[in-house]
1. What FRET efficiency comes out for the pair ASN611/THR587, r = Cβ-Cβ distance, R0 = 35 Å, nearest 0.05?
2. Compare the peptides 448-455, 123-130 by average per-residue count of other Cβ atoms within 10 angstrom and give them in order, highest first.
3. How high is the FRET efficiency from ASP734 to SER570, r the C-beta distance, R0 60 Å, rounded to 0.05?
4. For the stretch 193-300, state which chymotrypsin sites (Phe, Trp or Tyr not before Pro) are in a DSSP loop and have at most 13 other beta carbons lying within 10 Å of their beta carbon.
5. How about the stretch 596-660: which GluC sites (Glu not before Pro) there lie in a loop by DSSP and see at most 13 other Cβ atoms within 10 Å?
6. Under the rule of at least 5 residues apart or a separate chain, name every residue whose amide H is placed under 5 Å from the amide H of SER644.
7. What ³J(HN,Hα) values, in whole Hz, does the Karplus curve 6.51 cos²θ - 1.76 cosθ + 1.60 give for the stretch 691-696 when θ = phi - 60°, with x put for Gly and Pro?
8. Could you sort 40-46, 70-76 so that the peptide with the highest average Cβ count within 10 Å comes first and the rest follow in order?
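Bear in mind that the values in this text are calculations on the coordinates, not laboratory data. Given the structure is predicted, the values throughout are model-derived calculations rather than measurements. Note that each Cβ is placed from the backbone with ideal geometry, even for glycine, and that neighbours are counted across all protein chains shown.
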Amino acid sequence: MDENNVQIQPQGSICSDSNGEEAYKNDVSLDADRRICLIGGIAKDNKFRTVAESFNVPVVSSVHGREYMDETSCCTYYVIDNFDGEIYNSLCKSRQTILGPPALQQLASRDKKELPDNTRPLFNVAMRGVVVCFTGFRNKDDLTKLVPLIHHMGGSIRRDMTAKVTHLIANSCGGDKYQYASTFKVPVMNLQWVIDSWEQHRYDLDFSASQDSFVNMYKLKPFHGARVCFLGFPEEEENHMTEVLLCNGGTVTTPEDPNCTHVVVDESVVGERPDVSAPRAYIVKAEWFWTSVQKECSLDEKEYLFDDYIEHIVSPGPGRRESHATATPSSASRRKRKRIHETLQSLVQQTQSPALHKRRSSVSDAGLLSVSGSFLDCTASPAEKAIIDVSDAQKETPRKNLTARHQVFLELLQTESNYVEILRTIVTLFKNHLENMPDEEALLNNTELNLIFGKLPPIYETHLKMLDEFRWTSAHWNEERSIGNIIIKYSTELQRAYPPFINYFEEMKEVLNSCDQSKPRFHAFLKAMQTKPECGRQSLQELMIRPVQRLGSISLLLNDMLKNTAKTNSDHGALDQALAALREVMTHINEDKRKAEGQVTLFNIFNDIDNCPAELVSSHRSYMAKSDVIQLSSSEGLASKGSSLVMFIFSDQLEVCKKKSKSFNSTKSPSASSFQIQGRPNVKPYKHVRMMALNTIKRVIDIKETEDCQKVFSLVCRSNEESKERLYSFAMADEEADKVAFLRTLTRTMANNVCSADADKFMAYLEPHQLAIDTSDLSNGTLSKAFKFAKTRLKVGRTFSFNKSTPSKLKRAVSSMMSPFGSSTNLTPASQLANMRLASYSNINELGSNVENSDESLTAAPMSVQPTRKMKSSSLGVNAFKRL
């Protein structure tokens, strides 16, 4: 018995077929019209044989399958693992049904196990349901290679673009099929899509060539096959456009290149049709380039042609759309005659000078729209006609005959009109356009849209109403018309509309710049919109700054109007009130901005501190100052000696944090939310140590600067729960830090916290030798490492060593420190005598208790001597004060 001619069925009995061959007769009836023939080595794979048997048809094995080719009574499916070679070619020549091993496995995995009625070899079903059309291929060898591969993977091919086509495979951008696919969102693919699907994934049973993630990798780039040159752009902009072109599949060329396909020009610079060597090259605006990048396809050039030069294109170029062939010489001549006729008509009517037909830059156009000539408040816009009509109403009266007050009002009206058009451009051209994009084309998410544009509509709506009243006033002008009352009427709305925008302007600008840099399609959208005349060649970033400037501009114009308004005019008082209302609005905005920035900073600090107490974030708390310090004393309740700490001063608290080990080179900004440690993002640079209420700080000691003692200060603290004072000594880690400014900020904040006007009473000044601070290990160990990291000039030596033989000095130091007379370094003899009287105190608790009980006690004379008590060893570095 030939093992290659055996039919095998599971769970059956052996019998002979019509040819006398042994076969397994299954208890279940077999489909006698079909059978599977396993060819070559796959017949020996038991696992694969089981898969073949699952179709409930006879399964046979063969070396080459020729013995079954002539049978017509049964349809044989030949399964072969190599779609190449003599056996495969022989089967194909005899038009046999051929399957690949992946195809059989994929078909068997379906709920309904059916063998396909395919007439073409099917290796897998990776392209099942894919209908392909080709365009732009002039080399037939490419198609000869691609077509069989598509069929092998279960795909089909159509000659023309129809609704059934799912993918267009193009060799270059452009053409009718390409534009059809772009219009109806049919993916335009690179030929490598088919090649890689076959070569890299043909044995992958779970692979689908139509899955979005794979399709997106092989979409044809917008400028694939295009040869583009740029004319009229600044060097920096041209270099940027060249980089974008190369990233999107295009090639840079020159106007002299006969194979040039596109010439992209800057309309504001190029005034006439450039002379190019390629007669069929498209000369297009920059908007075509950037919008194509945004939409990720080469757009129809006829919508973006530079000037009306379609008559120059008589026949389409290779691979380009044939629709331009309709521009016959006769139709071009008719258009040319029509333009000449229109020019002659304009000359006869003398409505405009022929020179106006010359192209000028958008900057000069925009300059004409402002009465003052200031470009700050003007921009070209679709409503240009409406703006010019305002001045047209005054054409009958020469401007030199207008009163100074009337001229300033026209200036106000003109700048307000231009400002409203700028806002309308931002809202309609940018905001609405981005918000109305389909989800699959969206450039920004809802959060980003709200952060960038969410605060603008109230400003636009308010100024739109103001503009209507200004226009009505202009149409019914007389010298008694009140302009001030209009401003007063809308001052409340201005006060509500502007703060949310201005307060978070920096955050909005940061989000906008971030999206511009990280989202190439959004960047292209912004560039495309910038080329439109409505934007006046200005970027969205430049347009968005106008609301920040507008109230100041109105204030200046109202001030000019007030100067030119007689005091007997009823509008004089109204203008004065309007200016006061605007100042109040701007003051309110500045105050809100300061508070908003403080809250943002507060949140950033909270996010930068590991294990930070949640109560740090409070609506009544604001950030004041920050300093990097190194602790010089070894005190309980804080950190160890030599620790690198950071002090954040708030309006009522002092937050002390410890720098993490890799944080010495971190940014000085308190809002370093993007801190990283060893490449790990979102690692907090600080660790919470202690949060101290400012009312627990009794004195701030400024240590006099010497050669060996730089930027050292101390804090004397005691809370209600503690019976003894604690002394914490620090040195500023940054040699460029201003110690005096930091300490003044601290004492001023302490005074504000207790509603006191005298901040000096919280400050004391001492010589370095007057405090006993143990710095014996400053030259080695932890402190030396800390100072090495901080790169300070701090050199504290034996000056700080404590000598037991000088207790009186220490007493006098403490007395001077706690005494309100100790707020100056230049003490008079009387002051020194007063300080000496305080030396009879053996414990600063007696004085400190009076200090914390009343604000007045901070400046009051010391009470009588109280019984002595020992201080904690951590307070001043000594065991106790000796009884006198």
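1. So the FRET efficiency works out to roughly 0.35.
2. 123-130, 448-455
3. 0.50
4. Hits after loop and neighbour filter: TYR203.
5. GLU636
6. Correct list: LYS659.
7. 10, 10, 5, 5, 6, 8
8. 40-46, 70-76
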